[in-house]
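Q: There's a structure below that I have some questions on.
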Amino acid sequence: MEDTEIIKQVLQGDTDSFRLIVERYQVSIIRYVGNMINDNQICEDIAQDVFLTAYKKLSSFDPYYSKFSTWLFVIARNISINVLKKKKPLSMEEVPEKMNIEEPSDELTKSELFKKLDKILNSLPLKQKEAFILAEFEKLPYSKIAEIQGTRIGTVRSRINRAKNNLKSTLLKDFEGYIS
């Protein structure tokens, strides 16, 4: 069943049909919010807020303006940004300490590496981080990312390129001395 058909049913009083929307997009929204917020304890709560907001504002959705998934990601983006504004940002001094890769089995487990990568990702400027997450983790096309961010495709390309360059330079600094 198409999103627009489900939305029509919900707007006509069949509120139980909204669970189909939740089931369809729940994993993507939780993953996106989790990557934006980097706090697993609250990402499911935020995702619930996204769906609650979408439900309350469903009558304002215009299928001629955008796809429902894009509209939903915009809601997720706005709520995530509001949460991030309340959190203290990491300074570059906090991200990350040099990694010692001489004895990976002793010193660096997979989860430690992922934690360091999360810190590096969270040090990116918000718009770069968001564009990178949507492109690399959510596998969205640049045109859809541009819609979600309310900008042009060229700006999205630039943000993703800058994010990759920032991530690369931070990782290279981290491994400095280990790469010959």
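Q: Which FRET efficiency, nearest 0.05, do GLN48 and LYS173 yield, Cβ-Cβ r, R0 35 Å?
A: Efficiency at R0 = 35 Å is approximately 0.35.
Q: Using the alpha-carbon centroid of each, what span in Å lies between segment 120-165 and segment 1-77?
A: Segment 120-165 and segment 1-77 have Cα centres spaced 21 Å from each other.
Q: Let me ask something additional. Report the FRET efficiency, 1/(1 + (r/R0)^6), for LYS86 and LEU20, where r is their Cβ-Cβ distance and R0 is 25 Å, rounded to 0.05.
A: The computed FRET efficiency comes out at 0.20.
Q: Now for a different question. Dividing the convex hull volume of the alpha carbon atoms of segment 11-70 by its residue count, what do you get in Å³ per residue?
A: 87 Å³
Q: Work out, step by step, the length gained on full extension between LEU117 and LEU11: first 0.36 nm times the residue separation, then minus their alpha carbon distance; give nm to one decimal.
A: Extra length from LEU117 to LEU11 when fully extended: 33.9 nm.
Q: By how many nm would the segment from THR155 to TYR55 lengthen if fully extended, with 0.36 nm per residue of separation less the alpha-carbon distance?
A: Result for the pair: 32.9 nm of gain on full extension.
Q: Residue by residue through segment 18-30, which ³J(HN,Hα) values in whole Hz follow from phi under the Karplus form 6.51 cos²θ - 1.76 cosθ + 1.60 (θ = phi - 60°), with glycine and proline marked x?
A: Result, rounded to whole Hz: 4, 4, 5, 5, 4, 4, 5, 10, 4, 5, 5, 5, 4.
Q: Greater than 19 Å separation of Cα atoms is the criterion. Which listed pairs, LYS87/LYS119; LYS86/LYS127; LYS116/LYS173; LYS119/LYS144; LYS67/LYS127; LYS85/LYS127, meet it?
A: LYS119/LYS144; LYS67/LYS127
Q: Give, in nm to one decimal, the length gained when the segment between LYS139 and ASN165 is fully stretched (0.36 nm per residue of separation minus the Cα-Cα distance).
A: Full extension of this stretch gives 7.5 nm more.
Each value in this text was obtained by applying a stated rule to the coordinates, not by laboratory testing. Every value quoted in this text rests on a predicted model; they were computed, and no experiment measured them. All Cβ positions, even for glycine, are placed from backbone atoms using ideal geometry, and neighbour counts span all protein chains on display.
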